[in-house]
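All remarks here apply to the structure that follows.
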Amino acid sequence: MSAPRQPEDWVGSTTTIRGEERLGLTTLPDGRLLRDAVAADPVSWLGVDHAQCWGDDTRLLVKLLDAGQRLPVHAHPHDDFAASHLGRAHGKAEAWYILRGGTVYIGLKEDSTGDALADLVSRQDTEALLGLLHEVEVEPGDTVWVPPGELHAIGAGVLLLELQQPEDLSILLEWDGFEIDGPGEGHLGLGFERALAAVTTAARSRAELAMLVQQAPASGSVFPSAADRYFRLERYQVNGETVLERGYAIAIVSRGAVDIDGEPHPRGSTILFPASADSIPISGDGELLVARPPAVAH
């Protein structure tokens with residue numbers, strides 16, 4: 001669940017909405033918070049290697065986002081900025097798998113500066129802010145990689161699956177016309193001059209843009225390799241029987257109907273798997289998207 005102003009469903013969440021104590025957290029069928037269950041037994045939930053490396057930090061937040069209106073221009077800080085200025089364990093890299101197409105906006109068309117962005121923010125020149133960004137049409141099955149610091153916005157009508165680092169940290173450049181307290185919330189309590197220092201001001205060439213927005217392969221890992229250090233998304237085309245390998249995972253049935261471990265799951269179902277579960281038999285006729293934390297380097 002999420003705040004009323006946000007068109008989001010947080011899935012498998014151990015993360016709270018910024019400023020909230022419980023809102024955003026996932027509750028398991030037995031009534032426990034997923035956050036508390038993972039903290040009590042990180043090895044069972046996340047696996048030995050993951051727990052030895054990162055403790056009870058799942059390193060993953062999954063969202064389903066349905067943009068009823070265009071979402072405002074914003075960016076997210078990187079790890080170093082979040083640690084030094086906010087005392088947070090993560091910044092916020094994110095990537096999207098498009099479920100229903102439309103328009104997205106990402107990356108500057110021309111180089112800018114912090115002062116130029118600050119001027120547009122102070123005047124709330126929303127047309128100019130949006131005009132800074134590449135406008136890209138996306139279709140179901142496309143992916144969009146949003147590195148930390150990258151300015152972006154999502155057009156009305158787009159439905160997407162989002163994987164991100166488990167933080168709720170947004171630097172808002174635009175709020176006029178949106179139900180958002182931009183002057184109060186948009187700078188993460190840092191003031192806009194400091195917050196905008198986390199925003200990428202270098203332009204993205206068309207070649208670089210093509211690396212951010214791609215068509216997903218039919219199966220296997222779907223995000224660019226640059227995202228692997230943050231999270232992974234796997235795509236399974238289910239036509240008959242296959243197996244989901246062990247490991248902490250959040251699965252979403254994106255097409256058709258899929259039987260998972262003998263239980264039917266229609267399109268739109270979300271399923272959480274602990275690392276302690278054996279390999280999971282899958283059958284049916286559909287598509288399964290499987291979100292995982294980053295792999296532990298050996």
At 7 Å along the Cα-to-beta-carbon direction for both TRP54 and ASP278, put a label point, then send me their distance in nm to one decimal.
-> 2.7 nm
Rounded to the nearest 20 debye, dipole of the chain from Cβ charges on Lys, Arg, Asp, Glu = 220 debye
Relative contact order computed over the chain (Cα-Cα under 8 Å; 6+ residues apart), in percent | 20 percent
So, counting K/R as plus one and D/E as minus one, what does the shell of residues with Cβ under 12 Å around GLY240 add up to?
-> -3
Please say if region 61-215 is rounded, prolate or oblate, where rounded means a/c under 1.5 for a ≥ b ≥ c the square roots of the C-alpha gyration tensor eigenvalues, and otherwise the choice is prolate for a/b larger than b/c and oblate otherwise?
-> rounded
Taking a ≥ b ≥ c as the square roots of the Cα gyration tensor eigenvalues, with a/c under 1.5 meaning rounded and otherwise prolate when a/b beats b/c or oblate if not, the chain comes out prolate
Whole-Hz ³J(HN,Hα) from phi, Karplus 6.51 cos²θ - 1.76 cosθ + 1.60, for region 148-164, glycine and proline x | x, x, 6, 5, 7, 7, 10, x, 4, x, 6, 10, 8, 9, 10, 10, 7
Rounded to the nearest 0.05, FRET efficiency between GLU193 and GLN69 (Cβ-Cβ, R0 30 Å) equals 0.55
Roughly how tilted is helix 114-123, in degrees to the nearest 10 and between 0 and 90, from the longest Cα axis of the chain?
-> 80 degrees
Using θ = phi - 60° and the Karplus relation 6.51 cos²θ - 1.76 cosθ + 1.60, list the HN-Hα couplings for region 30-36 in order, rounded to whole Hz, with x at every Gly or Pro.
-> 7, x, 6, 6, 4, 4, 6
Inter-site label distance for ASP285 and ASP261 at 7 Å from Cα along Cβ, in nm | 2.6 nm
Which residues' amide hydrogens lie under 5 Å from the amide hydrogen of HIS265, considering only partners 5 or more residues apart or on another chain, with H built in the peptide plane?
-> VAL258, ASP259, ILE260
About its Cα centre, what dipole magnitude does region 61-215 give when the only charges are +1 on Lys and Arg Cβ and -1 on Asp and Glu Cβ, stated in debye to the nearest 20?
-> 260 debye
Normalised contact order of region 61-215, rounded percent, pairs of Cα under 8 Å and 6 or more residues apart | 39 percent
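The numbers here are math on the coordinates, done by the rules we state, and not lab data. In this text the structure is predicted, and so the values were computed from the model without any measurement. Neighbour counts run over all protein chains shown; Cβ positions are idealised from the backbone, glycine included.
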